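Presented below is the structure to which this report refers.
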Amino acid sequence: MILFPAIDLKGGQCVRLKLGDMQQATVYNTDPAAQARSFEDQGFEWLHVVDLDGAFAGHSANGDAVEAILKATDNPVQLGGGIRTLDHIEAWLSRGLRRVILGTVAVRNPALVIEACRKFPGHVAVGIDAKGGKVAVEGWAEASELGIIELARKFEGAGVAAIIYTDIDRDGILAGINWTSTLELADAVSIPVIASGGLASLDDVRRMLEPDARKLEGVISGRALYDGRIDPKEALALIKATRAKETA
């Protein structure tokens with residue numbers, strides 16, 4: 001189980017949105033590289049990065065900030081937002097990114113995702129962002145008619161490294177993870193699932209360590225870490241203790 005700290009980039013700064021609304025952005029750090037180093041120093045093992053401007057624009061918009069992050073941390077980094085072509089995927093992986101996250105293109109062109117998994121095994125994740133139970137695309141600005149599980153099943157057996165599932169209706173408002181739909185998705189596919197959207201407290205961290213949730217690869221946290229609602233030391237100690245019990 002991995003707790004992924006999140007850096008969401010807007011205008012080169014670390015921000016958090018409320019309910020996916022770009023007009024409701026709170027700036028938490030003007031130096032993304034420093035934030036990445038801070039998360040590593042706190043003991044986190046991975047970093048989750050989203051190019052928010054890129055997600056809306058359909059191409060990378062915070063490339064300089066992402067490159068600064070990659071230089072600042074030794075932790076593996078996964079990046080989503082505006083990655084829509086095989087060339088774009090290859091370019092980011094060649095710069096040291098561990099995983100690309102494909103969202104809109106997974107809906108628009110699932111064959112590209114399957115081809116990317118073949119060319120870059122272990123380095124491609126799929127981002128499924130849902131609003132009202134339906135998949136949203138283009139930086140959450142547009143709704144599709146696809147169901148969450150329907151989309152996820154398109155990639156069974158393709159070699160997708162993980163599915164990052166975000167409940168937009170909970171994102172950035174500290175309402176708690178939507179455990180019901182997250183665990184339903186994890187039960188429906190063999191691809192590892194990472195939960196996102198609404199992680200609010202240490203109680204959510206404890207919940208993800210319950211037996212039925214251990215099928216998840218991890219959970220992403222943003223605002224709760226930035227606001228101090230989750231103490232990194234305590235959260236990571238809980239996870240470490242659970243891992244120790246499982247390997248004992």
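Worth a mention:
- Cβ-placed point charges (K, R +1; D, E -1), dipole of region 153-229 about Cα centre in debye, nearest 20: 120
- Fully extending the segment from Glu246 to Ala188, taken as 0.36 nm per residue of separation minus the present Cα-Cα distance, adds 18.5 nm.
- Annotation for Phe56 and Lys233: the two label points, set 7 Å from Cα along the Cα-Cβ direction, are 3.9 nm apart.
- Inter-site label distance for Asp31 and Glu67 at 7 Å from Cα along Cβ, in nm: 2.0
- The stretch between Glu45 and Ala111, if pulled fully straight at 0.36 nm per residue, gains 20.6 nm over its current Cα-Cα span.
- Cα gyration tensor, region 1-84 - rounded (a/c under 1.5), prolate or oblate: prolate
- Gain upon complete extension [Glu210, Gln24; 0.36 nm per residue less C-alpha separation]: 63.7 nm
- Value at 222 nm in deg cm²/dmol, rounded to 500, when DSSP H runs of n ≥ 4 in the chain each add -39,500 (n - 2.57): -10500 deg cm²/dmol
- Amide H to amide H, with H built 1.01 Å from N, Ile2 comes under 5 Å of Gly218, Val219, counting only residues 5 or more places away or on other chains.
- Fraction of accessible area attributable to carbon and sulfur, the chain (%, probe 1.4 Å): 46
- Over 27 Å between alpha carbons, listed pairs Lys131/Lys240; Lys131/Lys215; Lys119/Lys240: Lys131/Lys240; Lys119/Lys240
- Computed from label points 7 Å out along Cα-Cβ, the spacing between Ala91 and Ser181 is 3.3 nm.
- Per-residue Karplus couplings for region 103-109, computed as 6.51 cos²θ - 1.76 cosθ + 1.60 with θ equal to phi - 60°, are listed in order as x, 4, 5, 5, 7, 6, 8 Hz, Gly and Pro entered as x.
- Net charge dipole size for the chain [Lys, Arg +1 and Asp, Glu -1 on Cβ; Debye, nearest 20]: 340
- Projected area averaged over orientations for region 85-132, convex hull of C-alpha atoms, nm²: 3.4
- Cα-based equivalent ellipsoid of region 51-167: semi-axis lengths in Å, sorted from largest, via gyration tensor: 22, 16, 12
- Rolling a 1.4 Å probe across the protein heavy atoms gives the chain an accessible surface of 42 Å² per residue.
- Rel. contact order, % - alpha carbon contacts under 8 angstrom, at least six apart, the chain: 18
- Computed from the C-alpha gyration tensor, the three semi-axes of the ellipsoid equivalent to the chain are 24, 22, 18 Å, from longest to shortest.
The values are calculated or read from the model by the stated rules, or taken from the named source; none is laboratory data. As the structure is a prediction and not an experimental result, all values here were calculated from the model. Because the Cβ atoms are built from the backbone with ideal geometry, glycine has one as well, and the counts that use them run over all protein chains shown. Just the protein is used for accessible areas: all its heavy atoms, side chains included, with ligands, DNA and RNA removed. Shrake-Rupley method; radii C 1.70, N 1.55, O 1.52, S 1.80 Å.
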